[in-house]
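Working notes, beginning with the structure itself.
The values are calculated or read from the model by the stated rules, or taken from the named source; none is laboratory data. This one's a predicted model, so the numbers in the text were calculated from it and none came from an experiment. Quick reminder, even Gly has a Cβ in these numbers, built from the backbone with ideal geometry, and neighbours come from all protein chains shown. Accessible surface is based on the protein model in full, side chains and every heavy atom, while ligands, DNA and RNA are left aside. Shrake-Rupley method; radii C 1.70, N 1.55, O 1.52, S 1.80 Å.
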Amino acid sequence: MNAAGSDIAAATAPSGKAESILAAARRTFLASGFGAVSMDAIARAAGASKATLYAYFSSKEELFGAVVASEGERYFRGFSARELDPHDVETSLNEIARRFLELVLSPDAIAVNRITIAEAVRFPQLGDVFWRAGPEQTRAQIEAFLRRADEAGTLSVADPKLAAEQFISLMRGDWHLRQLLRLDPPLNPAELQDAARGAVATFLRAYGK
């Protein structure tokens, strides 16, 4: 999830034993956090040997990153930012924003965020793994789309990377932090759509032509 040309939350969809290992790891991490979970425990939960587990994932951090990537894949499956129309930027950005908010405000994504924040001090590599598997990938895909829209003449974007970061901040708003802090109930679909449209409208006022 670190190549600018890959899909948002892109990861090759796992199958077979890798799929069952990822599912077991996801359940185990969400139930117990990161530090308290061992590769042995994940192997047992997956009904696999430790050797099989390490054949697919070389470390617990790598496995956690794969779980993060698979969460993104669940929400972006069948969707590619490269297929969005740069000539219809409002529709395209609304699609990105809706899917982005569905992902980052989902209960499991919020739980993974809490785990990462809580354990990044003890496990410094965890923050980097999370960043590369999720936020960096999303930013890269939005940046690539904004470049295309600028080239098409529908947006005026001098610094696509900065503009992508600003768009992500607009989409997150206070929604994400308030969910992390358990201050609000989950957004309903209408509220989520309104949040997405508001972010897009503000972004287009800054960069639209």
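Count of region 136-191 residues, restricted to those that are part of a loop (DSSP other than H, G, I, E, B) and within 17 Å of L204 (Cα to Cα), is 7. For A152, the requirement of being open to solvent by 30 Å² or more (accessible area, probe 1.4 Å), over 26 Å from A24 (Cβ atoms) and either in contact (Cβ under 8 Å) with a residue 60 or more places away in the chain or of a type in the set (V, I, T) (or both) is met.
Just one residue in the set V89, V112, V121 is modelled with pLDDT of 90 or more, among the β-branched types (V, I, T), surrounded by 17 or more Cβ atoms within 10 Å (Cβ to Cβ) and over 13 Å from the mean Cα position of the chain (by Cα); that residue is V89. Among the residues of region 155-173, the one identified as of a type in the set (S, T, N, Q) and either on the phi > 0 side of the Ramachandran plot or without any contact (Cβ under 8 Å) to a residue 24 or more places away in the chain (or both) is S169.
Of the residues making up region 28-78, those that are open to solvent by 40 Å² or more (accessible area, probe 1.4 Å) and either farther than 18 Å from G127 by Cα or free of Cβ contacts under 8 Å to residues at least 60 places away in the same chain (or both) number 20.
Of all residues in region 19-27, one or more are out of contact with any helix residue (DSSP H, G or I) (no Cβ under 8 Å at 6 or more places or on another chain), open to solvent by 30 Å² or more (accessible area, probe 1.4 Å) and at pLDDT below 90.
Taking region 74-86 as the range and being modelled with pLDDT of 75 or more and assigned to a helix (DSSP H, G or I) as the test, the residues that pass are R82, E83.
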